[in-house]
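Take a look at the structure set out below.
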Amino acid sequence: MRFAVIVFPGSNCDIDCYKAVRETIGQPVDYVWHTATDLSAYDAIILPGGFSYGDYLRCGAIARFAPVMDEVRRAAEEGRYVLGICNGFQILTEAGLLPGALLRNRDLKFHCHSTLLEVVNNETPFTREYAKGEIIDIPIAHGEGNYYCDEETLARLEANGQVVFRYKKGENPNGSVNDIAGVCNERRNVVGMMPHPERAVSELLGSVDGRRMFTSVLSAWRERHGAAVNG
């Protein structure tokens, strides 16, 4: 299985994502610049956190026009796996690959700390090794992580099981509607989340609860391509 970590001007979690893939599941992974026009060699694509294009206009608003996003869209349509983390989540919503938008945090402050999440949907390729309702410890680091969507969209997300993660009840750090911390598309192959699983893959980092996002997608890929596949 081969991973691409997309690098935009201003990405700052690309190295973290690269190392998480290498050290957690040992699969081939490449940094791919935002000008790339071919992602056909990759089975999974990660859009990392950071401040793409300096967050000018609003988070992700310029990155959505990067040449590589046409290929990310194509990959999603083909059923390949796409994960957007923090700024990557913002980019996916701006590009229309995920519903909703990310607004300024309710208190207008940047939050950087451990956060407890509830696994709401464990039937995506990225969450299949978690238990539904499990509480996991994944850090956040954002100033614009307040997930918002209109009532009709929210009802559809809840009804379709597209809410993947919620902040633990009473611990919502940013004002997100219904405590939403991550969502997926209807096909479940595109997941976006504000917390950083790549920063929770080692005891040295304070939590290993993010490891299963990477092992989950590897097992999903192997299942899709046959149990005999080793790489």
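Quick note: the coordinates plus some simple rules give every number you see, no bench work behind them. Keep in mind that what you see is a predicted model, and the values were worked out from it rather than measured. Positions of Cβ are backbone-derived with ideal geometry, glycine not excepted, and every protein chain shown enters the neighbour counts.
Only helices enter the 222 nm calculation for the chain: every DSSP H run of n ≥ 4 contributes -39,500 (n - 2.57), and dividing by all residues gives -7000 deg cm²/dmol, rounded to 500.
Using only the Cα atoms of the range 102-141, build the gyration tensor, take square roots of its eigenvalues as a ≥ b ≥ c, and label the shape rounded, prolate or oblate: rounded if a/c is under 1.5, else prolate if a/b is larger than b/c, else oblate. Because a/c hits 1.5 or more and a/b exceeds b/c, the range 102-141 counts as prolate.
Rounded to the nearest 0.05, what FRET efficiency is calculated for residue 135 and residue 77 with R0 set to 22 Å and r the Cβ-Cβ distance? That gives a FRET efficiency of 0.05.
Could you pull out every one of the aspartates and glutamates with an alpha carbon less than 16 Å from that of residue 169, ignoring same-chain neighbours closer than 8 positions? By straight Cα distance, residue 169 reaches 118, 134, 137, 179. Packing around the peptides 204-213, 181-190, taken as the average count of other Cβ atoms within 10 Å per residue, puts them in this order, highest first: 181-190, 204-213. Is the C-alpha gyration tensor of the range 93-162 telling us rounded, prolate or oblate? Criteria: a/c under 1.5 is rounded; beyond that, a/b larger than b/c is prolate, otherwise oblate. It comes out oblate by the Cα gyration axes. Were the residues from residue 123 through residue 40 laid out at 0.36 nm apart, the gain over their Cα-Cα distance would be 27.4 nm. Positive end of the charge dipole of the range 81-138 (Lys, Arg +1 and Asp, Glu -1 on Cβ, about the Cα centre): tell me which of 119, 96, 131 has its Cα farthest that way. Positive-end residue among those listed: 96. Is the C-alpha gyration tensor of the range 148-231 telling us rounded, prolate or oblate? Criteria: a/c under 1.5 is rounded; beyond that, a/b larger than b/c is prolate, otherwise oblate. Oblate is the answer for the range 148-231, as a/c is 1.5 or above yet b/c matches or exceeds a/b. Multiplying the residue separation of residue 151 and residue 56 by 0.36 nm and removing their Cα-Cα distance gives an extension gain of 31.4 nm.
Taking the inverse of the mean 1/r over every pair of distinct Cα atoms in the range 73-197 gives a Kirkwood hydrodynamic radius of 14.2 Å. The smallest convex shape that holds all Cα atoms of the range 1-47, its convex hull, gives 54 Å³ per residue.
What stretch of the chain, leaving out the sites themselves, is the longest with no chymotrypsin sites (Phe, Trp or Tyr not before Pro) in a DSSP loop having at most 15 other Cβ atoms within 10 Å? For chymotrypsin sites (Phe, Trp or Tyr not before Pro) (loop position, at most 15 other Cβ atoms within 10 Å), the longest site-free span of the chain is 111-231. On a per residue basis, the convex hull of the C-alpha atoms belonging to the range 3-225 measures out at 109 Å³. Under 15 Å from a label point 7 Å along Cα→Cβ of residue 171: give me every residue in the range 107-128 with its amide N that close. In the range 107-128, the label zone of residue 171 (backbone N under 15 Å from the point 7 Å along Cα→Cβ) covers 112-120.
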